[in-house]
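The values are calculated or read from the model by the stated rules, or taken from the named source; none is laboratory data. Fair warning: this is a prediction, and the values are worked out from it, not measured in the lab. Note that each Cβ is placed from the backbone with ideal geometry, even for glycine, and that neighbours are counted across all protein chains shown. Remember, those area values only see protein heavy atoms, side chains included, never the ligands or the DNA or RNA. Shrake-Rupley method; radii C 1.70, N 1.55, O 1.52, S 1.80 Å.
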Amino acid sequence: MLRIEAIQAIYPQLEQCVVVTIMGAVSAELQSLGHQPNFFYLQHAMGLASSMGLGIALSRPELKVVVFDGDGSILMNLGALTTLARYRPKNLLHIVFDNESLLSVGGFPTATATGSDIAGMAAAAGVPRTGTVRDIDAFVAAFDEAQAANELTTLVAKVEAVGPKAFVTDLPMLENRFQFARHLKSLKE
Ligand SMILES: Cc1ncc(C[n+]2csc(CCOP(=O)(O)OP(=O)(O)O)c2C)c(N)n1
């Protein structure tokens, strides 16, 4: 499964959600499909996208929050899984695109390339719903089920180690930061 095709398949449904991504390839891919004011690309802070998603989900329980994480990123901050599980907001869907590599910085293999199981670690941390999918149909079905379940979910999507050809953006970090915050405030009115 290609990550961009997986994102494209659920893209229409992201309009009703708040989306936080990690930096690098996945943020460039989501942006290439069309930026929306409800998308925040957490640059540089590897491993902290789920923590930011957790904060938003807890403080805004009326919103559906979706996090796009990476295997290398979550492996850098495994304690995040235990914190997600402790607070277990029902409105948070944590998607880990697992390409078994640090693709954005050259493709060095991560521990999932040698058998570590992120969905298993999330389950052991206490995340109530977890799963691993390997093709687009299963990914879309798991996304829909997680949204309907209304329960904290960590969904691992096994994807090929393929990213965008270029990381070009005309959206500066600060503009994204202020636009996103304004958008969240506007949803309160
Ligand atoms: C704390 C920290 N260390 C290192 C980096 C450099 N860095 C940026 S992206 C990246 C790889 C991310 O890997 P993964 O989450 O698996 O996503 P992928 O690039 O494979 O899509 C690294 C090491 C960083 N941004 N932050």
Okay, helix-only estimate at 222 nm for the chain: each DSSP H run of n ≥ 4 adds -39500 (n - 2.57), divide by all residues, round to 500 deg cm²/dmol; what do you get?
-13000 deg cm²/dmol
In Å³ and rounded to a whole number, note down the convex hull volume per residue for the Cα atoms of the stretch 65-168.
103 Å³
What fraction of the DSSP beta bridges in the stretch 49-154 is antiparallel, stated in percent and rounded to the nearest 5?
15 percent
What does the charge add up to near N99, with Lys and Arg as +1, Asp and Glu as -1, over the other residues with Cβ less than 10 Å from its Cβ?
-2
Pick from G106, G131, G24: which residue has the top mean-square fluctuation in a GNM of the chain where Cα pairs under 10 Å get a spring?
G106
Top to bottom by accessible area (1.4 Å), largest first, where do D117, D137, D98 land?
D137, D117, D98
Once V140, V65 are ranked on solvent-accessible area with the largest value leading and a 1.4 Å probe, the list reads V140, V65
Applied in sequence order to the stretch 40-57, the curve 6.51 cos²θ - 1.76 cosθ + 1.60 (Karplus, θ = phi - 60°) yields integer Hz couplings, x standing for Gly and Pro, of 10, 9, 7, 7, 6, 7, 4, x, 10, 5, 5, 5, 5, x, 4, x, 5, 4
What does the charge dipole of the stretch 34-189 about its Cα centre add up to, to the nearest 20 debye, if the Cβ of each Lys and Arg holds +1 and the Cβ of each Asp and Glu holds -1?
600 debye
Using the heavy atoms of the protein chains alone and a 1.4 angstrom probe, what is the accessible area of the stretch 44-181 per residue in square angstrom?
47 Å²
Among P89, L78, V127, the residue whose Cα sits farthest towards the positive end of the charge dipole of the chain, when +1 is placed on the Cβ of each Lys and Arg and -1 on the Cβ of each Asp and Glu, is P89
Taking the chain as a Gaussian network, where each spring joins two C-alpha atoms under 10 Å apart, which residue of L171, L30, L155 fluctuates the most?
L171
Local charge sum around G72 (other residues, Cβ-Cβ under 10 Å, Lys/Arg +1, Asp/Glu -1)?
-4
Evaluate E = 1/(1 + (r/R0)^6) for L33 and A181, where r is the Cβ-Cβ distance and R0 equals 30 Å; express this FRET efficiency to the nearest 0.05.
0.85
Compute the separation of the alpha-carbon centres of the stretch 85-105 and the stretch 138-189 and state it in Å as a whole number.
10 Å
Carbon/sulfur accessible area of the stretch 90-132, % of total, 1.4 Å probe, equals 55 percent
Could you compute the net charge surrounding L33? Neighbours are other residues with a C-beta less than 12 Å from the C-beta of L33; K and R count +1, D and E count -1.
-2
Largest fluctuation, G34, G120, G79 only, Gaussian network model of the chain with Cα springs under 10 angstrom, belongs to G34
Restricting attention to the alpha-carbon atoms of the stretch 1-141, what are Rg (one decimal) and Dmax (integer), both in Å?
14.0, 39
